[in-house]
Amino acid sequence: MTSEERLSMKEAERILERFKEISVLVIGDLMLDEYIVGDAERISPEAPVPVLLRRERKVGPGGAANVVYNLTSMGAKAIVGGIVGKDAAGEELKRLLSEIGADTTAVIIDESRPTTLKTRIIAHKQQLVRIDHEVRRTIDDDTCNALIERTSPLITHVDAVIISDYAKGVVTSKLTDSLRSAREQHRFLLCGGPKPKNIASFVGFDLLSFNMSEARESAMLNGELSDDYRLIGKTLASRLQIRWLVITRGEEGASLFDMSGWLCDIPSYRVTVYDVAGAGDTFLAAIVLALCCGANFVTAAKIACAAAAAAVCKSGVAPVTVEEIKRIISYGSIAIKGEI
């Protein structure tokens, strides 16, 4: 049947107020986001490029660390598992994670690679260039074993495990195999934000969240890219044996699937978009917390859409709070369209 049920504030508040009771382990590609902000008022005599007069430097958790940042900002307890280099960026990232209340017990130093650092050069509120300092090779067996060993004791105390994959080498089949085995002994939701490169490692997860581009590439129907999101979602959910699957589609909202196929579409909130960077991390954090609080799939996705709407209203990669989610929901409740 077709449903036009709206997410009531009472229902949303009941779930959101429980976020603080939830504990989540996030394992994935940790990054440090760096912003160099200044004024560009002249062209260099050396080359036809602007000269930036630096005014300030800002840093924040990025990649999997941004999922952690959102979890703690929403009131949940977050534990971090991942790799940093033996460098200043790694020390700074660990400090930032500790300052937001995250447990960094399972952050491992790998001296063979640098901490992934993404530096954005900004002038007059416009990004001029981004500089990536990273190594994308898969972590070696010793490092993977160390990560599994460090995270295994922590799994017994969490409600969910999120694998945040940015294709920088941390996510391996050995890692995800260990988590599927652990799930058989301990009751937790196994959730992920995969990249197409590693899609085979996410078979049998409880929840996967893709953006449309990632979903298209991951599905690759008969070796070709399709634009039919319903076919893409149905294919991925069935092929990977996923309990819940979401494709976020920007202004078109989010589409929900299970192994039987398409369930429904949830429209996005109409907000002024300043920056979409990090919105997928916010969506993933919020939907996982809502599911852990007992929300059904559709309700959890509605809350996550509100969280993502709050995120895109901000400049740069920024976390979202429960109060901000409430304001978005009260500003304009959304209906869902589709067959459920």
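The values are calculated or read from the model by the stated rules, or taken from the named source; none is laboratory data. Values in this document were obtained by computation on a predicted structure and should not be read as measured data. Cβ coordinates were reconstructed from backbone atoms using ideal geometry, including for glycine residues, and neighbour counts include every protein chain displayed.
Quick notes
- Among the residues of region 316-331, none qualifies, meaning not one is crowded, with 20+ Cβ neighbours inside 10 Å, within 17 Å of Val68 (Cα to Cα) and either without any contact (Cβ under 8 Å) to a residue 60 or more places away in the chain or of a type in the set (S, T, N, Q) (or both).
- Residue list for region 144-177, filter: buried (at least 19 other Cβ atoms within 10 Å of the Cβ) and either out of contact with any helix residue (DSSP H, G or I) (no Cβ under 8 Å at 6 or more places or on another chain) or among the small types (Gly, Ala, Ser) (or both): Thr151, Val158, Ala160, Ser164, Lys168, Gly169
- Arg216 satisfies every condition listed in (1) in contact with a Leu (Cβ under 7 Å, 6 or more places away or on another chain); (2) closer than 28 Å to Ile22 by Cβ except (2).
- In region 155-174, of all residues being of a type in the set (A, V, I, L, M) and assigned to a loop (DSSP other than H, G, I, E, B), the one that is farthest from Asn66 (Cα to Cα) corresponds to Val158.
- Within region 245-286, the set of residues being of a type in the set (A, V, I, L, M) and either in a helix (DSSP H, G or I) or within 21 Å of Thr321 (Cβ to Cβ) (or both) comprises Ala254, Val271, Val273, Val276, Ala277, Ala279, Leu284, Ala285, Ala286.
- Qualifying positions in region 287-329 - in contact with a helix residue (DSSP H, G or I) (Cβ under 6 Å, 6 or more places away or on another chain), aliphatic (A, V, I, L, M) and not in a helix (DSSP H, G or I): Ala295, Val317, Val320
- Looking only at residues in region 314-335 that are of a type in the set (Ser, Thr, Tyr) and at pLDDT below 90, the one that is farthest from Lys302 (Cα to Cα) is Ser315.
- Boolean, Arg57 is surrounded by fewer than 16 Cβ atoms within 10 Å (Cβ to Cβ), in a strand (DSSP E or B) and more than 18 Å from the chain's Cα centre (by Cα): yes
- Residue identified as crowded, with 16+ Cβ neighbours inside 10 Å, under 20 Å from Ser164 (Cα atoms) and in contact with a Cys (Cβ under 9 Å, 6 or more places away or on another chain) among Val24, Val68: Val24
Residue-by-condition table, conditions (1) modelled with pLDDT of 95 or more; (2) under 18 Å from the mean Cα position of the chain (by Cα):
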| position | (1), (2) |
| --- | --- |
| Lys125 | no, no |
| Val135 | yes, no |
| Thr143 | yes, no |
| Ser152 | yes, no |
| Ala167 | yes, yes |
| Cys191 | yes, yes |
| Gly204 | yes, no |
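- Boolean, Ile242 is crowded, with 19+ Cβ neighbours inside 10 Å and assigned to a loop (DSSP other than H, G, I, E, B): yes
- Candidate set: region 104-118, residues that are closer than 21 Å to Ile79 by Cα, of a type outside the set (A, V, I, L, M) and in contact (Cβ under 8 Å) with a residue 40 or more places away in the chain; chosen: the one surrounded by the fewest Cβ atoms within 10 Å (Cβ to Cβ): Thr105
- Any hit, region 122-135, residues being surrounded by fewer than 19 Cβ atoms within 10 Å (Cβ to Cβ) and touching a helix residue (DSSP H, G or I) at 6+ places or on another chain (Cβ under 7 Å): no
- All of Ser209, Ser218, Ser226 fail the test of being polar (S, T, N, Q), crowded, with 21+ Cβ neighbours inside 10 Å and more than 21 Å from Arg136 (Cα to Cα), apart from Ser209.
- Inclusion of Ile121 among residues that are touching a residue at least 12 places away in the same chain (Cβ under 8 Å), over 22 Å from the mean Cα position of the chain (by Cα) and either under 30 Å from Ile43 (Cβ atoms) or not in a strand (DSSP E or B) (or both) is warranted.
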